[in-house]
Amino acid sequence: LFWNELFVPGQTTAASFSNYKVTERGEQSVVEVSSNSMLSVQFLLGTLSGIITQTSLMQRSRLVGPQLSWKYGSHVVVNKKMFPSQMDISIEGISAPCRLSLGLSNIKEDSSWQTRTTINESRYKKMNLSAILTLISGGL
């Protein structure tokens with residue numbers, strides 16, 4: 001989510017266009033991941049600019065429940081690409097809603113820095129979506 005890119009949950013490589021359903025709404029378009037049956041993932045982006053302004057995730061099988069919203073703003077040029085310098089993250093539909101704002105300044109890219117990393121599986125265990133949503137719903 002931090003990288004402000006389209007993605008398909010569970011995939012580490014770039015997804016093909018067949019994984020998405022696009023609906024134009026004037027100056028904005030909604031891009032929805034069509035290949036994930038458990039999680040509803042939607043990207044809101046400028047129709048002309050193609051810049052993602054919001055990503056929303058929620059469990060597809062529930063009408064109410066936890067929903068994560070990640071809003072992007074104040075885009076700046078970083079290594080010839082637009083990158084948001086303001087990010088507002090919220091989780092709703094839980095006992096105590098959470099909000100976090102990130103304001104980034106003086107953003108630069110170090111060419112020797114690896115932007116993609118791997119998870120240390122000896123320190124962290126993989127959890128399925130249902131377990132995470134159960135923790136978020138009842139744990140906060």
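For the range 1-108, run through the GluC sites (Glu not before Pro) and keep only the ones in DSSP coil with at most 15 other Cβ atoms within 10 Å of their Cβ. Don't skip to the end; give the middle numbers.
Numbers: sites: GLU5, GLU24, GLU27, GLU32, GLU92; in loops: GLU5, GLU27.
Sites meeting the loop and neighbour criteria: GLU5, GLU27.
Here LYS80 is the anchor, and the lysines within straight C-alpha reach of less than 19 Å, apart from those fewer than 8 places off in the same chain, are LYS108. When the residues THR134, THR23 are ordered by accessible surface, computed with a 1.4 Å probe over the protein chains alone, the sequence from largest down reads THR134, THR23. Excluding same-chain neighbours fewer than eight residues apart, the aspartates and glutamates reachable from LYS81 by a Cα-Cα span under 20 Å are GLU5, GLU109, ASP110.
The values are calculated or read from the model by the stated rules, or taken from the named source; none is laboratory data. Please read these numbers as outputs of a predicted model, since none were measured by experiment. Glycine gets a Cβ as well: all are built from the backbone with ideal geometry, and neighbour counts include every protein chain shown. To get the accessible areas, we keep the full protein, side chains included, count just its heavy atoms, and leave off ligands, DNA and RNA. Shrake-Rupley method; radii C 1.70, N 1.55, O 1.52, S 1.80 Å.
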